[in-house]
Amino acid sequence: RVAGDLRTADWVPALKASGYQCDQPSVWVLEGLLMYFSQAQADDLLQQVRALTSPGSVLVGNCLAGECVNAWGDYYAVWARYATPPSLAFPNPRAWFAAQDFT
C-alpha cells in the first residue's frame, strides 16, 4: 500500500520505495478520479504515470465529457448541495488521453 496525494508528485518516490519496478508492465486505474482534478493536475498526473510506465502497460480510467455536464442541468446544482461535484470535464476525452500518449 502506498499513500500519497496524486495531485502532486509526492507519491512517486513512495511508489518506487515500495518496490514498484518501472521496467515491468503495470496496470493503472484512474476511475472516478480525474473529474475532481484541475486540468493542470490531471495533465501532470498522466505525465507522471507515463514516466513510470513501461511498454505493455495498461491505463484504464474515466472522465467526464463536456456534453455530459451540460446535459445535467439542474441535477448538477442539486449534486453540489450534497457532495463535491466534478470540477473538470473534457471536451474530447479520447483526444486528451491520446495527447498524453495513452490510447
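The values are calculated or read from the model by the stated rules, or taken from the named source; none is laboratory data. Computed from a predicted structure; not experimentally measured. Glycine also receives a Cβ, built like all others from the backbone with ideal geometry; neighbour counts cover every protein chain displayed. Side chains included, ligands, DNA and RNA excluded: accessible areas come from the protein's heavy atoms. Shrake-Rupley method; radii C 1.70, N 1.55, O 1.52, S 1.80 Å.
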Positive minus negative residues near Ser26 (Lys, Arg vs Asp, Glu; Cβ under 13 Å): +1
Accessible area of the chain belonging to carbon and sulfur atoms, whole % at 1.4 Å probe: 54 percent
For segment 1-51, alpha-carbon Rg and Dmax in angstrom: 11.1, 30
Residue-normalised accessible area of segment 1-81, expressed per residue, 1.4 Å probe, Å²: 62 Å²
Nearest-0.05 FRET efficiency for Thr84 and Arg50, computed from C-beta distance (R0 22 Å): 0.20
Calculated Rg and Dmax of the chain using C-alpha coordinates, Å: 15.3, 47
